[in-house]
Each structure stands twice: as C-alpha cells, then as structure tokens.
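Worksheet for the structure shown next.
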Amino acid sequence: MAKFHYKESPSEKQKKAFSAYLSEDEDLVLATSFSKAYVRSMFTLYLLFPGLLVGGLGFGLGLLLRLDQVNSLLLALGLAILTAFLKTLHIYHANRYLLTTRRVIIKRGLFSVKLMVALYDKITHLEVDQSFVDRLLLHHGSVIVNTAGLNKGEIVLKLVDYPMEIKNLLERLINREREQMGMRAQTLTEVEGEIIS
C-alpha cells in the first residue's frame, strides 16, 4: 500500500483554527497549503528581496549606532533572515486549502480573508497539473477543481505537496457525498488531458 503523506492532518490545532469556516454539519478532513519545496524557494527569493534591502538598511543602522563592521554585518544578516522568514510565514498561512466532508474551501489572506468554495455535488471533474520536475524531484503540483457553478468554472489548489493524493482523497469525498445524495458515483478525473478510469 502506498504511503499517505497527509495522515497527520487535520490536527486538533487546525480543527480549532478553521472551525469558523465550517458549517455545523461538516467536519474538516484535510488542511494544507503550499508545498514545502515552494515555501523553501520563496524563502530564498525573499532573502534576496526584500532581505538584501532590509539587510543593507540594518548595516547602515549598525554603523550609525557605532557598531564595528562585523557586528553591523551580523545585524544586517539577522534582519535579512528575519524579513525573509516573516514574508515566507505570511504566504504559507495566508493561503490555505481545506477539504471538508461537504466542500473544498480555499482561504486567502490573514487579516482580510477571501474564501472560494466548491460544494462536492457541483464538481464536474478534477485535473492534476504536474511537470516532470515537479513530479520527480519536488513532489508538488496543482489540483484543478472544475465546477458547474463558478464564473470561471474552476478553482485551483496551487503548488500542493503530493497532488495525486489530494485528488484521490477529493474523489473519495465527492463519491461519498454523491452516494449520500443518491447519485451514482462516477469517474471524475482528468490528468494531463487523459481520462483515468
């Protein structure tokens, strides 16, 4: 049997944190965000900008406070790392993907929140978009949820770890919802343009 990488989700902390977004008759099944590889790459980018800018200001501040060059460099490095860490933490927590017993929820933002929701009975099909490098090395990709009711017709769970596992979990949740509603379960998946049975 293949390893399931999301078995620790949702934690009690996640259940409590996201309970405000759930209706009283649904439970949280999975809470995730951007992949670890993407978050690490964003940390590196944020270290370059705005990290170098803030680091340069920190170096100037160190010299202004009459610190020697070594301590000024340490201050600059510390400020650059702190800036990159805070920006990375923000993008991770400001972009959350929630799978419940009844719907898919995409939550964007920390202080002002934007939600995109797709009920399982409105989902027409699922797609997984994963490049060769994403699949073999980074193990991340995007799950595209096509719906009948949205203006654009799709919502995207971007850059999630192990997207095939999320797609399979979504299919099970959709089929369970449809069985409870008396609808016949059907194949919902399209991967790279090919229908999978």
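Some observations on this one:
- Neighbour-count order for Phe4, Phe132, Phe85, Phe34, fewest beta carbons within 10 angstrom listed first: Phe132, Phe4, Phe85, Phe34
- In loop segments of region 1-37 as defined by DSSP, the GluC sites (Glu not before Pro) with at most 12 further C-beta atoms inside 10 Å of their C-beta are Glu8, Glu24.
- The residues neighbouring Pro10, those whose beta-carbon lies less than 12 Å from its own, together hold a net charge of +2 under the Lys/Arg +1, Asp/Glu -1 convention.
- Cα centroid separation, region 56-85 to region 155-173 (Å): 42
- Residues Thr147, Thr44, Thr100 arranged by fewest to most Cβ contacts within 10 Å: Thr44, Thr147, Thr100
- Loop-located trypsin sites (Lys or Arg not before Pro) in region 27-92 whose Cβ has at most 11 other Cβ within 10 Å (DSSP): Arg66
- Each stretch of four or more DSSP H residues adds -39500 (n - 2.57); spread over every residue of the chain, this sum gives -13000 deg cm²/dmol at 222 nm.
- Among Phe111, Phe59, Phe18, residue whose mean-square fluctuation peaks in a GNM of the chain (springs only between Cα atoms under 10 Å): Phe111
- Separation of the Met164 and Asp25 label points, Cα + 7 Å toward Cβ, nm: 3.6
- What the Cβ-Cβ distance of Phe4 and Leu73 gives, at R0 = 41 Å and to the nearest 0.05, is a FRET efficiency of 0.35.
- For Lys36, the lysines whose Cα falls under 29 Å of its own Cα, not counting residues fewer than eight places away in the same chain, are Lys3, Lys7, Lys13, Lys15, Lys16, Lys87, Lys107, Lys114, Lys152, Lys158, Lys167.
- Three-way shape label, region 82-176, alpha-carbon gyration tensor, a/c 1.5: oblate
- Highest-fluctuation residue, Lys15, Lys158, Lys107 considered, GNM on the chain with Cα pairs under 10 Å: Lys15
- Leu137 paired with His93, simple spin-label distance in nm, labels 7 Å along Cα-to-beta-carbon: 3.1
- Counted by neighbouring Cβ atoms within 10 Å, the residues Leu82, Leu138 run from fewest to most as Leu82, Leu138.
Computed from the coordinates by the stated procedures, all read-outs in this text should not be read as laboratory data. Worth saying up front: this structure is predicted, and the values here are computed from it rather than measured. Heads up, the Cβs are rebuilt from the backbone with ideal geometry, glycines too, and the neighbour counts pull from every protein chain shown.
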